[in-house]
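Colleague: The structure follows.
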Amino acid sequence: MKVELFQPESVTEPRHWVRHDQAFAMMLGRGSIEWGSKRAALEKFDYAGGDLALCDRHVGEWVGLMATPHLQLGISDAALMASSDGAYGEVELQPSRKFADARLRALVAAAHTEMVAGFPSGRLFLDSVEQAMAVALVKDRAVRHRLVQISRGGLGPARLRTIRELVDAKLDDDLSLDEMAQSVGLSTAHFARMFRKSTGQTPHQFVFRQRIERAKAMLRARDVRVLDVALACGFKTQQHFAQAFRAVWGVSPTEYRQELVGSKATGASETHSEDTALLVISD
């Protein structure tokens with residue numbers, strides 16, 4: 001998924017744009033944009049923060065004044081086709097220069113937050129966000145609709161074992177949703193649905209928890225640096241690792257390690273006191 005930030009421009013000379021990927025934008029503040037199919041017939045749209053616009057792909061569009069900051073996202077054909085089970089070949093969505101959708105707004109906001117932070121969560125997080133966006137777009141804005149097939153059951157034990165082995169082997173790498181789906185021979189959308197039905201978690205949530213669990217185990221070794229733990233568990237920076245760890249356990253990795261050391265010291269001290277008492281009684 002492509003994520004691009006556009007700032008307001010002082011140049012108002014209309015330009016002709018053609019988008020071959022499926023792009024849509026979310027406005028990050030109040031402002032205006034001029035759109036039109038002809039240079040001489042531009043229409044001005046006033047936006048508030050959170051308003052959305054879905055571009056018309058393959059069709060040239062004139063854009064004039066761009067007086068509002070906005071985030072533009074490109075959704076891949078693969079994600080759109082997977083969300084419709086490949087029903088459309090190339091999924092056609094109904095363009096709209098201004099609309100509201102609370103679910104899409106929340107997903108774009110998550111992508112924006114990730115971009116501002118420098119994409120610390122890796123490719124799998126953006127893949128998951130893109131897939132959720134594609135599902136929402138296909139469901140509500142596909143020109144031709146197809147009944148959604150209700151999947152029964154979930155992933156079998158063999159497939160779940162394959163996924164767990166893959167995640168364990170690549171926990172320090174930038175694992176993608178597509179890679180996980182391919183490992184068990186499923187489309188990304190079908191895999192994501194079946195995985196959640198089987199585990200109660202999204203693939204991203206599952207990988208995140210596995211990384212935190214590995215980090216807990218590694219933090220028991222007092223000679224391993226917190227930075228090394230972060231990198232070994234797939235976190236790009238120590239700061240991102242600390243934030244993620246605190247979000248789950250309520251303490252930083254360093255504080256967690258100190259609590260472990262303190263509990264071990266207390267246990268050793270209590271054992272030593274009991275041994276001493278026994279010796280005194282024996283004497």
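Colleague: Would you check if GLN22 is open to solvent by less than 70 Å² (accessible area, probe 1.4 Å) and at pLDDT below 90?
Modeller: Yes; evaluated as a whole, the condition is true for this residue.
Colleague: Out of the residues in the stretch 168-178 that are out of contact with any Cys (no Cβ under 9 Å at 6 or more places or on another chain) and not in a helix (DSSP H, G or I), state the one that is farthest from PHE241 (Cα to Cα).
Modeller: SER176
One line per residue, one yes/no per condition, for (1) of a type in the set (A, V, I, L, M, F, W, C); (2) over 20 Å from LEU137 (Cβ atoms); (3) out of contact with any strand residue (DSSP E or B) (no Cβ under 6 Å at 6 or more places or on another chain):
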site: ALA25; (1), (2), (3): yes, no, no
site: GLY29; (1), (2), (3): no, yes, yes
site: ALA40; (1), (2), (3): yes, yes, yes
site: LYS44; (1), (2), (3): no, yes, no
site: GLY50; (1), (2), (3): no, no, yes
site: LEU54; (1), (2), (3): yes, no, no
site: GLU61; (1), (2), (3): no, no, no
site: LEU71; (1), (2), (3): yes, no, no
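Colleague: Among the residues of the stretch 199-251, how many are part of a loop (DSSP other than H, G, I, E, B), open to solvent by 30 Å² or more (accessible area, probe 1.4 Å) and over 17 Å from GLU114 (Cβ atoms)?
Modeller: 9
Colleague: Select, from ASP101, ASP56, ASP46, ASP51, the only residue that is of a type in the set (D, E, K, R), over 18 Å from LEU5 (Cβ atoms) and open to solvent by less than 40 Å² (accessible area, probe 1.4 Å).
Modeller: ASP101
Colleague: Pick from VAL116, VAL135: which is over 13 Å from the mean Cα position of the chain (by Cα), among the aliphatic types (A, V, I, L, M), at pLDDT 85 or above and under 17 Å from LEU186 (Cα atoms)?
Modeller: VAL135
Colleague: In this structure, is THR271 of a type in the set (Ser, Thr, Tyr), exposed (fewer than 15 other Cβ atoms within 10 Å of the Cβ), at pLDDT 65 or above and at negative phi?
Modeller: Judged against the criteria, THR271 is not a match.
Colleague: Same structure, new question: Applying the selection to the stretch 63-86, what residues are among the β-branched types (Val, Ile, Thr) and crowded, with 20+ Cβ neighbours inside 10 Å?
Modeller: Passing the criteria: THR68, ILE75.
Colleague: Name every residue in the stretch 179-189 that is of a type outside the set (S, T, N, Q), in a helix (DSSP H, G or I) and modelled with pLDDT under 90, in order of residue number.
Modeller: Scanning the stretch 179-189 gives a single hit, ALA189.
The values are calculated or read from the model by the stated rules, or taken from the named source; none is laboratory data. Small disclaimer: the values here were computed from a predicted structure and weren't measured. For neighbour counting, all protein chains shown are included, and Cβ atoms are generated from backbone atoms with ideal geometry for every residue, glycine included. The area values use the complete protein model at the heavy-atom level, side chains included, leaving out ligands, DNA and RNA. Shrake-Rupley method; radii C 1.70, N 1.55, O 1.52, S 1.80 Å.
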